[in-house]
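Worksheet for the structure shown next.
The values are calculated or read from the model by the stated rules, or taken from the named source; none is laboratory data. What you see is a predicted model; the values in this text were computed from it and never measured. So basically every Cβ, Gly included, is an ideal-geometry build from the backbone, and we count neighbours across all protein chains shown. What goes into the accessible areas is simple: the full protein's heavy atoms, side chains included, and nothing from ligands, DNA or RNA. Shrake-Rupley method; radii C 1.70, N 1.55, O 1.52, S 1.80 Å.
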Amino acid sequence: MNNIGRNLVNFKGYNFRYNFDKARIENADNFEIREDDVFVITYPKSGTIWMQQILSLIYFEGHRNRTENVDTIDRVPFFEYSYRGTDIENRPSPRLFASHLPYYLAPKGLKNKKAKVIYVYRNPKDVLVSMLHFINLINPHEPINTIEHFLEKFLDGNGNYDNLLRIPASLWFDHIRGWYEHRHDFNILFQMYEQMKKDLRGSVLQISRFLGKELSEEDVDDIVNQATFENMKSIPQANYAHVLSQLRIPSHKEGLHMRKGTIGDWKHHLTVAQNEKFDRMFQTKMKDFPLKFIWDING
Ligand code: A3P
């Protein structure tokens, strides 16, 4: 079994991968946040890797002009996992982080409102489908999760992902609601995956404005070009290929993080009845929630 398939650890109400940095989460409130830190926060499968790439391209000239050969995961490492043993704390500023943490486990210092948070969200039907593929790919020798089983877990009111699912997460509804309802505590930009898909250039400009980064037209061109799905899929530094081999995931699974990258793939996977079930839960859980979602390419 590859290491990524090992059991999850539930800690403070959240399911972490077995190798999470427990001490860092326990001491998150003492983690010293710098004013120019930036955190990308996502629910898994919502475009984390994409925003990591965009941020790295915005901040590092050597990435934009390809004079440096550094993996994106090393420029924007995870807060709660030390995949590469990097000393993420003592890096020179500006420090960029990625994280799936729920709002209540985020370092207190983020509430100084100087450090910035970008929350990437995606319509949850596509999140569900992306996640199901991911889980089945990383657990090839175990019973295949059917969409029926997974749907039930995804919508489970208690957020009880069982260990078969192996997704480090809590309930999708709680994650987005938690961050949104506490948005006034943070200096936070809510960035929609589908908006990035529909207008990558406009999204890059919006993100760089939020970060207070001035970019030339040429810089923006370079960022957009290197953040397209096709280009990221073919650049090992951008698509976690090196991390996967480190985790003993076979290289033919490089599509693990870069699968389809589309809007509305759920339509090829959910039956009418499953879709209605999803909609019923969505309407109950997301009642009065102001952020809008785009469910298909024409939406
Ligand atoms: P799919 O499985 O639907 O293709 P995460 O990084 O949070 O795990 O999210 C992975 C999802 O984001 C995958 O979705 C992946 O294809 C998509 N993604 C990553 N980079 C992308 C890009 N440049 N453009 C569009 N989608 C992208």
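Mind listing whichever residues of region 46-58 are closer than 19 Å to Glu230 by Cβ and near the ligand (Cβ under 6 Å from one of its atoms)? Matches in region 46-58: Gly47, Thr48, Ile49, Trp50. When both residues are 6+ apart or on different chains and their Cβ atoms are under 6 Å apart, which pairs have a first residue that lies in region 14-33 and is open to solvent by less than 60 Å² (accessible area, probe 1.4 Å), and a second that is assigned to a strand (DSSP E or B)? Sorted first by the residue in region 14-33, then by its partner, the pairs are Phe16/Val9; Phe20/Tyr81.
Let's see how each residue does on (1) more than 23 Å from Ile176 (Cα to Cα); (2) at pLDDT below 95; (3) among the small types (Gly, Ala, Ser); (4) open to solvent by 20 Å² or more (accessible area, probe 1.4 Å):
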site: Phe210; (1), (2), (3), (4): no, no, no, yes
site: Glu218; (1), (2), (3), (4): yes, no, no, yes
site: Ile223; (1), (2), (3), (4): yes, no, no, no
site: Gln226; (1), (2), (3), (4): yes, no, no, no
site: Glu254; (1), (2), (3), (4): yes, yes, no, yes
site: Thr262; (1), (2), (3), (4): no, no, no, yes
site: Gln283; (1), (2), (3), (4): no, no, no, yes
site: Leu291; (1), (2), (3), (4): no, no, no, yes
site: Asn298; (1), (2), (3), (4): yes, yes, no, yes
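Right, Ile235: open to solvent by less than 70 Å² (accessible area, probe 1.4 Å) and within 11 Å of the ligand (Cβ to nearest atom) or not? So Ile235 fits the description; yes. Based on this model, can you work out whether Ala98 counts as of a type in the set (Gly, Ala, Ser) and either away from the ligand (no atom under 11 Å from the Cβ) or in contact with a His (Cβ under 7 Å, 6 or more places away or on another chain) (or both)? Answer is no for this residue. Per this entry, Leu55 is not counted among residues that are assigned to a helix (DSSP H, G or I) and open to solvent by 20 Å² or more (accessible area, probe 1.4 Å). Just need a number here: residues in region 59-75 that are away from the ligand (no atom under 16 Å from the Cβ), hydroxyl-bearing (Ser, Thr, Tyr) and within 26 Å of Met192 (Cβ to Cβ). Residues in region 59-75 being away from the ligand (no atom under 16 Å from the Cβ), hydroxyl-bearing (Ser, Thr, Tyr) and within 26 Å of Met192 (Cβ to Cβ): 1 in total.
Could you tell me whether region 170-189 includes any residue that is open to solvent by less than 70 Å² (accessible area, probe 1.4 Å), closer than 17 Å to Met51 by Cβ and without any contact (Cβ under 8 Å) to a residue 60 or more places away in the chain? Looking for residues that are open to solvent by less than 70 Å² (accessible area, probe 1.4 Å), closer than 17 Å to Met51 by Cβ and without any contact (Cβ under 8 Å) to a residue 60 or more places away in the chain, one finds none in region 170-189, hence no.
Going by the structure shown, is Ser82 of a type in the set (Ser, Thr, Tyr) and either within 15 Å of the ligand (Cβ to nearest atom) or modelled with pLDDT of 95 or more (or both)? Here the answer is no, as Ser82 does not meet what is asked.
It is to be established whether one or more residues within region 132-145 are of a type in the set (A, V, I, L, M, F, W, C) and farther than 14 Å from Pro44 by Cβ.
Yes, some residue in region 132-145 is of a type in the set (A, V, I, L, M, F, W, C) and farther than 14 Å from Pro44 by Cβ.
Consider Leu101 carefully, then state whether it is open to solvent by less than 50 Å² (accessible area, probe 1.4 Å), touching a residue at least 40 places away in the same chain (Cβ under 8 Å), part of a helix (DSSP H, G or I) and not charged (D, E, K, R). Criteria not met by Leu101.
Note on region 17-45: residues that are within 16 Å of the ligand (Cβ to nearest atom) and not in a loop (DSSP other than H, G, I, E, B) total 4.
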